[in-house]
Amino acid sequence: MAELKRIAVIHSDFQEKFGIPRQSNLIDSLKAEVIFEPGYRDPNDVVGLEEYSHLWLIWKFSENEAAGWSPMVYPPRLGGRTHVGVFATRSPFRPNPIGLSSVKLDQIEMREGVGPVLHISGADLLDGTPILDIKPYIRYTDSHPEAVSGFADRVKDKELKVVFPEEWLRVLPEGKRRPAVEILKQDPRPAYQNDPARRYGVAFAGYDIRFHVDGDVLTVCEVVPYHRGCHS
């Protein structure tokens with residue numbers, strides 16, 4: 001089997017896995033850039049891509065390579081106690097650590113010294129994730145509104161009410177405030193964690209957004225500059 005090549009890397013606002021949306025396109029205000037590797041920066045590579053509104057990104061679970069895989073996994077949305085087959089999930093612990101995300105293509109920029117840069121919305125990827133391939137999303141074949149989605153249909157996420165005090169919201173750059181609130185609404189916690197006294201932290205856009213959850217209400221208690229390992 002031929003070795004898969006890294007053709008690009010994504011630059012997103014997520015420094016850690018905790019807090020990343022569970023699926024792509026859940027939060028359309030999230031912005032990211034796809035930067036091609038030096039061998040794939042020929043502008044001819046993207047001719048015609050501007051005619052598409054959405055793309056498929058095929059990428060590598062680079063943070064899970066050493067973890068191996070298991071035929072049975074415990075999806076967090078099922079409480080972390082019910083196991084299902086790995087191929088019935090989008091778990092990162094797979095025989096081949098490959099992920100798939102649909103994203104919106106906002107713009108193609110020709111950047112000096114870098115070549116084509118894809119500006120995208122709705123990505124669910126960690127900053128620095130290797131991109132293995134990019135394919136156009138084709139509406140009449142890739143969209144199936146009548147599809148049945150297994151346990152995912154039964155455990156659709158319920159949005160939380162987010163209390164984000166103005167003093168902490170103003171710490172974030174203006175363009176990062178709306179996506180930060182949307183991330184928190186999705187409830188980043190695993191379904192089995194429900195301790196109102198526990199403090200959590202989402203690393204986003206260079207900041208650590210710290211919060212606690214009581215019932216259906218998430219309250220932000222602090223926003224500080226992000227440093228790896230700083231969560232309390």
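The values are calculated or read from the model by the stated rules, or taken from the named source; none is laboratory data. Just so it is clear, the structure is predicted and the values come from calculations on it, not from any experiment. Neighbour counts are summed over all protein chains in view; Cβ atoms, including those assigned to glycine, are modelled from backbone coordinates with ideal geometry. Only protein heavy atoms, including side chains, enter the accessible area calculation; ligands, DNA and RNA are left aside. Shrake-Rupley method; radii C 1.70, N 1.55, O 1.52, S 1.80 Å.
Numerical summary
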{"read-out": "When residues of segment 120-139 are limited to those that are modelled with pLDDT of 95 or more and open to solvent by 40 Å² or more (accessible area, probe 1.4 Å), the one nearest to E182 (Cα to Cα)", "value": "D127"}
{"read-out": "I98 vs. criteria over 20 Å from I27 (Cα atoms) and in contact with a Pro (Cβ under 7 Å, 6 or more places away or on another chain)", "value": "no"}
{"read-out": "Sole exception among (1) in contact (Cβ under 8 Å) with a residue 40 or more places away in the chain; (2) of a type in the set (S, T, N, Q); (3) farther than 15 Å from V9 by Cα for S62, by number", "value": "(3)"}
{"read-out": "Selection within segment 105-116 - within 19 Å of the chain's Cα centre (by Cα) and buried (at least 19 other Cβ atoms within 10 Å of the Cβ)", "value": "L105"}
